[in-house]
Amino acid sequence: MKYEKALKIAEKIKAELTPHCERIEIAGSIRRKRPEVKDIEMVATPKSYDTGLFESGIATVVNQWQKVKGELPCKYTQRILPEGIKLDLFFAEDDNWGNIYAMRTGSADYSHLELASRWKFMGYKSIDGFLHRDNQKIALREEEDLFKLLCIPYLEPEKRF
């Protein structure tokens, strides 16, 4: 799908989810402004919600879309949107937002070769979306915090290949 069309769909979905989130942003190839987009990726910190018989909050929106994987509550769910494109929705917490947002912005090669390889080299481990070192969980509240931790200059998403 062309970037412009995917961006419009992503912005519409973000608007639907925003009232149910503390924070939500578009990530992935749309954030990197790639000309062709395979799917829509978002990172969200949802407000409290319920599932099941007394469904509320973000679940009322997300569960209207066809599920491919990931039953709420979860760290990740994939859905098919009415427009026929997949939505990859990743859930973050305040203290791992920076890590999740950077990794889900990608590209996959950049996330693996530049970020994950660097943190492994520096002695960090990723456990449940958080970086740890010496049994200490590292708070990365903003994407820039991850780049600082890794001692690399912040790179604009459009330049992450």
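The values are calculated or read from the model by the stated rules, or taken from the named source; none is laboratory data. This one's a predicted model, so the numbers in the text were calculated from it and none came from an experiment. Here the Cβ positions follow ideal geometry from the backbone for every residue, glycine too, while neighbour counts run over all protein chains shown. These area figures cover heavy atoms from the full protein model, side chains too; ligands, DNA and RNA do not enter into them. Shrake-Rupley method; radii C 1.70, N 1.55, O 1.52, S 1.80 Å.
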Q: Give the residues of the range 62-94 that are within 16 Å of the chain's Cα centre (by Cα) and among the aliphatic types (A, V, I, L, M), sorted by residue number.
A: V62, L72, L87, L89, A92
Q. Which condition number does K137 fail, the rest of (1) closer than 25 Å to Y3 by Cβ; (2) open to solvent by 50 Å² or more (accessible area, probe 1.4 Å); (3) not in a helix (DSSP H, G or I) being met?
A. (1)
(Q) I'm trying to understand the selection: among the residues of the range 105-134, which are assigned to a loop (DSSP other than H, G, I, E, B) and closer than 26 Å to D39 by Cα? (A) G106, S107, D128, G129
Q: For the range 5-31, name all the residues that are assigned to a strand (DSSP E or B) and in contact (Cβ under 8 Å) with a residue 24 or more places away in the chain.
A: C21, E22, R23, E25
Q: Determine which single condition G129 fails, assuming it passes every other condition in (1) open to solvent by less than 40 Å² (accessible area, probe 1.4 Å); (2) closer than 17 Å to I24 by Cα; (3) out of contact with any Lys or Arg (no Cβ under 7 Å at 6 or more places or on another chain).
A: (3)
(Q) For the range 100-111, give me each residue that is open to solvent by 70 Å² or more (accessible area, probe 1.4 Å) and within 15 Å of the chain's Cα centre (by Cα). (A) R104, A108
Q | Lone qualifier among L155, L115 - being open to solvent by less than 40 Å² (accessible area, probe 1.4 Å) and of a type in the set (A, V, I, L, M, F, W, C) | A | L115
**Q.** Within the range 140-160, considering residues that are part of a helix (DSSP H, G or I) and free of Cβ contacts under 8 Å to residues at least 24 places away in the same chain, the one nearest to the chain's Cα centre (by Cα)
**A.** K159
